[in-house]
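Read the structure below first, then the notes.
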Amino acid sequence: PERAAWSKVLKEEIAASFAGFDKAKDTSKFFDKYQLLNDESKVEFWSELIIAVMNFESGYNPESIYHEPPPLSVDSIGLLQLSYGDHFCPKSKADGDLKDPVVNIKCGVKIMASLIEKDGMISTPDNHGAARYWSVLREKRKLPQVIAKFKGNWK
């Protein structure tokens, strides 16, 4: 039941940020017929992609914390491994706990949509698009595994 609520929030947030996501020109890496999908199916596409990212970032564990090494020296927290003070994220735990899946999803979706809208890409060889933030979307990291996970979940 808890994950059903997360899924609902995820889809609502994607729908609210849809214009940014729909700017991606490299969706064919994941699904070659993306442009033929209706908007509802495109929201499903983005949901499955973000779920695949969560798999590699946190193993779907909202309590997950990774201590980033220097020079970052911050904690990456929750489902999408976000940090306090990141654009669209709470400044501190008092402003919103990143271990809360709803807070984490809302923040992460906005970050991802803004990066994709800015660069027009999900991931590039020089780490633009959402790969600016999520290393699992970088070609020399886990991008092939993320794509495989996505395709395994996608209809």
Counting only helices (runs of 4 or more DSSP H) wholly inside region 1-101, the ones holding at least 2 residues that are open to solvent by 60 Å² or more (accessible area, probe 1.4 Å) and among the charged types (D, E, K, R) are 2-16, 39-58
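Rundown of residues vs (1) more than 16 Å from residue 133 (Cβ to Cβ); (2) among the hydroxyl-bearing types (Ser, Thr, Tyr), yes/no style:
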| site | (1), (2) |
| --- | --- |
| 3 | yes, no |
| 38 | yes, no |
| 53 | no, no |
| 76 | no, yes |
| 91 | yes, no |
| 95 | yes, no |
| 110 | no, no |
Within region 112-155, residues of a type in the set (Ser, Thr, Tyr), in a loop (DSSP other than H, G, I, E, B) and surrounded by fewer than 19 Cβ atoms within 10 Å (Cβ to Cβ) come out as 124
Cβ pairs under 8 Å, 6+ apart or interchain, first in region 29-41 and within 18 Å of residue 120 (Cα to Cα) and at pLDDT below 95, second among the hydroxyl-bearing types (Ser, Thr, Tyr) and not in a helix (DSSP H, G or I), ordered by first then second residue, are 29/123
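The values are calculated or read from the model by the stated rules, or taken from the named source; none is laboratory data. Computed from a predicted model, the values in this text were never measured in an experiment. Backbone-built Cβ (ideal geometry, glycine too); neighbour counts: all protein chains shown. For the accessible areas, the whole protein counts, side chains as well, though only heavy atoms, and no ligand, DNA or RNA atoms are used. Shrake-Rupley method; radii C 1.70, N 1.55, O 1.52, S 1.80 Å.
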